[in-house]
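Single-structure report; data block below.
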Amino acid sequence: MTEHHIPTEEELDILLAQQPQFDLDAVKRRTHSRIGAAPERPRRLRAPFRGLLIAAVICVLSVSAVTAADYATEGRISSALGIRRVPAEPASQPETVEKLTAPVEETPAVQAAAPAPEPEPVPPELDEQIAAALQVDTAQARRLRPAVQAVEQAAEDQDIRMTVLQTLGDPSCLYVKLRFDFPEGSPLAAAGAVKKEDLARQFERVDLSFEDMYSYTYSWHLLESNGTSATYLLKIFNTSHNLSGQTVTITFENYGSPHMYTEDEVLHLAGDAGKPFTTIIHPDGTMLWDAGEEDLAAVSSEVTAAPVSVPDGFTVTRRADGNIVVSYDGLHGNQIADVYWVPRFDTVIEGKWEQSWTLSYQDTSLYWTGEASIFSPSLTVTRVRISPLSWDLELTARELTGDALGSGLLFNEKFTMRLCRKDGSFTDLSIDECGSSGKHREDGLYTITDMNFHSRFDQPIDLTDVAAVIIGGVEFPLG
């Protein structure tokens, strides 16, 4: 990097002394020779000629020396010579030409094609064993498919697997097929395939519960049994809620069979109110009816067994010497009861199998809703529902408090129900085993009773061409 040096006055004097001496006469002669004029006598210089001489002097002097001197004196030399310094122009930059780019035409975004609607799920086919149990033919099984739900959920305990396979249902009725698979070498497998005792086997406890439902009944029976599996069909009937959408839990405990009691495993008891007693039954079957303290002291005090359950007020124990001591306090009225020395159930495989799932299937019912009186103005039908599996009828009886004319008519008339087909034919519906329920509410002088009648068909019916249902002679169109 170059350093700037400012010369001192002594250095400037030395620099000027080294420059050539200025000869005025020589300059004059050279000038007149170039312009063709004879030299004149010395006279006072005019201003223009003076400026010319200054220019000549500047030409003779070294540019570098004058520049250095002028820089060192901060411009006093150029100022004394009458020279105006022109500020240096900055180096010219090439003119920047703004280039205009052609507008870019935006390509419109390609709209993604709407996803194709997902196909409607195809309901599973009705299980062949369920169809056989309900005596459903192929055509009817096909019509029932929307009411079928494939579950396929399993629970396992003691190396035994319970699988909930399939359901068939409507708002009030539900069939559940499930299977138990047993490992090789289990007591069931050792019993052999489809023996009489296998068919009698069942579970000590079977329980059903729903998330938001408390009024229902159920039953179940064996569909098939062999050496390694047992398949069951549960029948559930509800009257208070729509089953579809409910979460159901099924619990089975302890696989085995009911105990077949022998005479020595049962003890018959009887007691009279206000008459306490103590009786000793000897091993040979003889009895000491009114045993006292001395008699009790003669038998063993060591208790070896007690009945499974004993009625209130009784005390029953079997002693080490084989005697049985029975006492009654007389404070629980007249009683007659049997007590058992062994459990009521013979457990072959002890365990618990439980499974929960949400019911989801299509309602295939036909409905009528509105208000229509039957038998009496006080008895009004408000809803009729009929499906291939079951039917229910909702009515309202409005009668003076204390009377039962409206609801009484319903029972006294022994009303009938008939299906009216689109071709004009009729099919009678059995209501002999229908259930009923009712709720009462007061409305001034009147009592309003909301009633529900319902039943399940033993065999699913065909509703393909059903147009209406006739109840007590009144036709209710279905849709």
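The values are calculated or read from the model by the stated rules, or taken from the named source; none is laboratory data. Predicted, not measured: the structure shown is a model, and the values here were computed from it. We place every Cβ from the backbone using ideal geometry, glycine too, and count neighbours over all the protein chains shown. The protein model used for the area step is the full one, side chains on, heavy atoms only, and it has no ligands, DNA or RNA in it. Shrake-Rupley method; radii C 1.70, N 1.55, O 1.52, S 1.80 Å.
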| Rank Arg383, Arg421, Arg29, Arg456 by accessible area, highest first, at a 1.4 Å probe radius? | Arg29, Arg456, Arg383, Arg421
| With every protein chain kept in the model, how would you rank Leu223, Leu174, Leu165 by accessible area, 1.4 Å probe, largest at the top? | Leu223, Leu165, Leu174
| With every protein chain left in place, what is the accessible area of Lys177 in Å² (1.4 Å probe, nearest 10)? | 20 Å²
| query | When the C-alpha atoms of the range 279-388 are aligned to their principal axes, what extent does each axis show, in angstrom, from largest down? | reply | 80, 44, 21
| query | With each pseudo-label sitting 7 Å past Cα toward Cβ, what's the Thr464-Thr427 distance in nm, one decimal? | reply | 1.0 nm
| Residues with beta-carbon under 12 Å from that of Cys173, excluding Cys173: net charge, scoring Lys, Arg +1 and Asp, Glu -1? | -1
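Could you please report the charge total around Ile250, scoring K, R as +1 and D, E as -1 over all other residues with beta-carbon less than 12 angstrom from its beta-carbon?
Around Ile250, the charge tally is 0.
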| Cα gyration tensor of the range 195-288, axes a ≥ b ≥ c as square roots of the eigenvalues: rounded (a/c below 1.5), prolate (a/b > b/c) or oblate? | oblate
| message | With the crude spin-label approximation of a point 7 Å out along Cα→Cβ, what separation in nm comes out for Gln153 versus Asp207? | response | 1.7 nm
| query | So, in nm, how far is label Ser373 from label Asp272 when the simple model puts each one 7 Å beyond its Cα toward the Cβ? | reply | 6.2 nm
| message | At 1.4 Å probe size, put Glu156, Glu120 in order of accessible surface, largest to smallest. | response | Glu120, Glu156
| query | Using alpha carbons only, what's the Rg to Rh ratio of the range 234-307 with Rh from Kirkwood? | reply | 1.28
| request: Quote the FRET efficiency, to the nearest 0.05, computed for Glu184 versus Leu222 with a Förster distance R0 of 25 Å and r equal to the Cβ-Cβ distance. | output: 0.75
